[in-house]
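S.K.: Take this structure first; my questions come after.
Just so it is clear, none of the values below were taken in a lab; they were calculated from the coordinates. Model, not experiment: these values are computed from the prediction. With ideal geometry, Cβ positions are generated from the backbone for all residues, glycine too; neighbour counts draw on all protein chains shown.
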Amino acid sequence: MSLPRYTAIAAISLCALASPAAADEVEDALKFALEAYQAGDLDGAKEELDFASQLIAQMKAAGLSDFLPDPMEGWTRRDKENAGQAMGFMGGGSMAEATYVKDKESVEIQLMANNQMVAAMAGLFGNPAMMGAQGTVKRIGRQKVLVNQNGELQALIDGRIFVQISGRAPVEIKEAYFEAIDFNSLKDF
């Protein structure tokens, strides 16, 4: 067999794999973007590429929810409606939220990754004077954590993931939830 014949067989195999039955929304948007581009419709191509980008961001954001800890014994967890949503209103990135409830106590955990707000928080966490003015700085596990005057915990993980824990529960409970987050895996997000 000659090289062109192998190339033709490979192309036919790829087309079979990319058949409409196997296609998903991202593939469809990319295909439409390419068709629009080839037809000279740059606005249509950009719109489809933006749509594909949004879909991929949503898929990526959904994975952030996996890092929210399980509820402690006697507590229940309610995921927020926007958990796993891409945060277009904050310059992109991902966000996941859950509320943990036991009797009249509650703990709210927010994880935000790869967005402008997190980038702005990096300035705060990089400045010891600013951190000290915001509250008490301490270590929980191997993470540097700011506990503010309201008893909220805030931490910047790997310079790109912001963790905030608030709610109507003692700081010790919030710290226990903080410790339950798998930070080693979260850094790989």
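S.K.: How about K174: which lysines have a C-alpha closer than 28 Å to its C-alpha, ignoring those fewer than 8 places off in the same chain?
M.R.: K60, K80, K102, K104, K138, K144, K187
S.K.: Let me ask something else. What translational D, rounded to a whole number of µm²/s, comes out for the range 126-168 from Stokes-Einstein when the hydrodynamic radius is the Kirkwood one over Cα pairs, at 37 °C and 0.692 mPa s?
M.R.: Numbers: Rh = 10.7 Å.
Roughly 308 µm²/s, to the nearest whole number.
S.K.: Using Stokes-Einstein with the Kirkwood hydrodynamic radius over Cα pairs, what translational diffusion coefficient do you get for the range 66-186 at 20 °C and a viscosity of 1.002 mPa s, in µm²/s rounded to a whole number? All intermediate terms of the calculation are to be shown ahead of the outcome.
M.R.: Details: Rh = 14.6 Å.
This corresponds to a translational diffusion coefficient of 146 µm²/s.
S.K.: Here is a further query. If you rank L68, L34 by fewest surrounding Cβ atoms within 10 Å, what's the result? Walk me through the numbers on the way to the answer.
M.R.: On the way: L68 22, L34 13.
The fewest-first ordering by Cβ neighbours comes to L34, L68.
S.K.: Given H placed 1.01 Å from N in the peptide plane, which residues other than close sequence neighbours of I140 have an amide H under 5 Å from its amide H?
M.R.: V145
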